[in-house]
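Data block below; observations after.
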Amino acid sequence: MVDHVRVLSASFAAAAIGALVAMQANAAPVDTAADTANRALGLPSILIPWTTDRAGGPMTGPPGVIPQPTPAKPGLVLGASLGELYTDNLTLAGSAQPKQSSWITTFEPFVRGAAATPRFTGLFDYSATGYLYAGQPSDNQVAQDFRGQGSLVVVPDHLFIDGAATYGRELVNNALSSQSGTFFLDNNQSNVTTGSLSPYWTQEVGDLGRMTLRYTHGRVIYNDHGIPDESSALLDGVS
């Protein structure tokens, strides 16, 4: 087991806010797909809570806080961060094993967006983090992370389709030494892709209430592409 890991970090971030859509102060709220679907079911939003005033106004916040697009405030945010990391145990070696220290330069561009129309509501968050290891160029790598979800109205008040997808690094074996952070070279990580699609039908059934018929299909895929020193044998038997 790992007895200790020290990690120091410093970073600088900058972002440009583009295509942010704000409704006029007295305009009627947009009736999004998520609103339509969940109103029919008597449920709150299936995506994320409304975090800003739907009545409108510019996307502003406290100094230093970047406004984030939501279905209530659709738009796009682009940015990047530059940082430096130091760890005294890069490979997560155990207490009886020699430890390897390293300085790591990080560069992370990111894009986040949200859309809302009467028939579709969706949002996504994508980032790619490049790690440059001092004196170890063969270990340089890029870790990607994606989260997205959406809802489509096919037949108003009746037929809807929800979808979601993710991509990112995950631990393969929880029994082995592990720490949060995709920069560790511990031979215990995998790129994991998940996706799900869920069509459903809702229907009023007289005085009995509302019936909902839903089908959900999901998929999980593991791979070690782009992870330094990662062995495909680690994923044997994982599906």
Exercise. Here are some conditions: (1) closer than 30 Å to Gly163 by Cα; (2) in contact with an Asp or Glu (Cβ under 9 Å, 6 or more places away or on another chain); (3) not hydrophobic (A, V, I, L, M, F, W, C). Ser101 meets all but one. Which one does it not meet?
Worked result: (1)
Problem set entry | Where a residue in segment 197-208 is closer than 28 Å to Gly148 by Cα and touching a residue at least 12 places away in the same chain (Cβ under 8 Å) and its partner, wherever it lies, is part of a helix (DSSP H, G or I) and of a type in the set (A, V, I, L, M), with Cβ under 6 Å and at least six apart | Thr202/Ala40
For this session: Name the single residue, out of those in segment 123-166 being among the charged types (D, E, K, R) and farther than 15 Å from Val111 by Cα, that is nearest to the chain's Cα centre (by Cα).
Result: Asp162
Exercise. Looking at this structure, is Pro118 outside any strand (DSSP E or B) and either surrounded by fewer than 15 Cβ atoms within 10 Å (Cβ to Cβ) or hydroxyl-bearing (Ser, Thr, Tyr) (or both)?
Worked result: yes
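Throughout, read-outs are computed from the coordinates displayed, never taken from laboratory work. Owing to the predicted nature of the structure, the values given are computational and were not obtained by experimental measurement. Neighbour counts are summed over all protein chains in view; Cβ atoms, including those assigned to glycine, are modelled from backbone coordinates with ideal geometry.
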